[in-house]
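These notes are about the structure you will find just below.
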Amino acid sequence: AVVSTQSTGKTVEDLVKMLESEEEMLAADYRIPMSIGEAPHAEVDKKGQGCSVHDIAINPNYVKTLKDEPAFMNFFLQVVFEGLTAKFNIELEWDWIILKNRSHVGRIKPHMIRTYKKPVIQEVEKPAENKKPVKKTTKPTQPAPKPDYIVLQEPIEGTPNYLIIEIMLPDIESSSKLTLDVGEDRLTLHAHPAKYFLDIELPYDVIPLESGAQFDTSAHMLTVALMTTCV
């Protein structure tokens, strides 16, 4: 899987300098364009035994760097093991085998990727979920029909850290037909040509640059994740 973020642009010399330095700022400035999946999924290994699989999505440009530079590969794998240990509170054996002819095991789960510009809608294909969105009223002055949507918050109780907006778009087949704009207190969505139009005031102020979106082509649902200013 790939992540639509920029590659690091760092050299092996930069990596060695960072590892040998005791300055925390150098380490903080070094970022790997990757995403750790939200939950493992059960699969069967080549011996027919059950195993847990964690999906790691990586920027395609950085994948080439990992293949060309063993130092980057070793550092990347250490970061992955530390990230899995911290995120899921599990103990792992620090040993690995790199598969030559397989980029993944089982079906890759969709990742919610934060963007740093205008939200990019990421397309995913997965089985439709049995959800019943709350129907909203339609304003007569709209240029196109208003789609059904629901607004969820995480955590469910108290002041939320995130708002999750699920928008049902039954007549849309691809995210290329969608234009999404997120402001501090407002979200607008245009589905072209004049299929749907949504303009809603958000219940909490959000950080537009810390937003992500994905469109499920099988369920015809757009999911938008917004970080609130309450974090």
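General observations
- Pairs from the list Lys47/Lys67; Lys87/Lys177; Lys64/Lys100; Lys46/Lys100 with a Cα-Cα gap above 24 Å: Lys47/Lys67; Lys87/Lys177.
- Rolling a 1.4 Å probe across the protein heavy atoms gives region 32-95 an accessible surface of 63 Å² per residue.
- Carbon and sulfur %, accessible surface of region 151-209 computed with the full protein complex present, 1.4 Å: 51 percent
- Between Asn161 and Glu154, the built amide H atoms are under 5 Å apart, and every one of these is 5 or more places off in sequence or on another chain.
- Solvent accessible area, Å² - Asp199, 1.4 Å probe, full protein context: 50 Å²
- Accessible-area order (highest first, 1.4 angstrom probe) of the listed residues Lys146, Lys64: Lys64, Lys146
- On a per residue basis, region 138-231 carries 48 Å² of accessible surface, using protein heavy atoms and a 1.4 Å probe.
The values are calculated or read from the model by the stated rules, or taken from the named source; none is laboratory data. In this text, all values refer to a predicted model and were calculated from it rather than measured experimentally. Note: areas computed on protein heavy atoms with side chains; ligands, DNA, RNA excluded. Shrake-Rupley method; radii C 1.70, N 1.55, O 1.52, S 1.80 Å.
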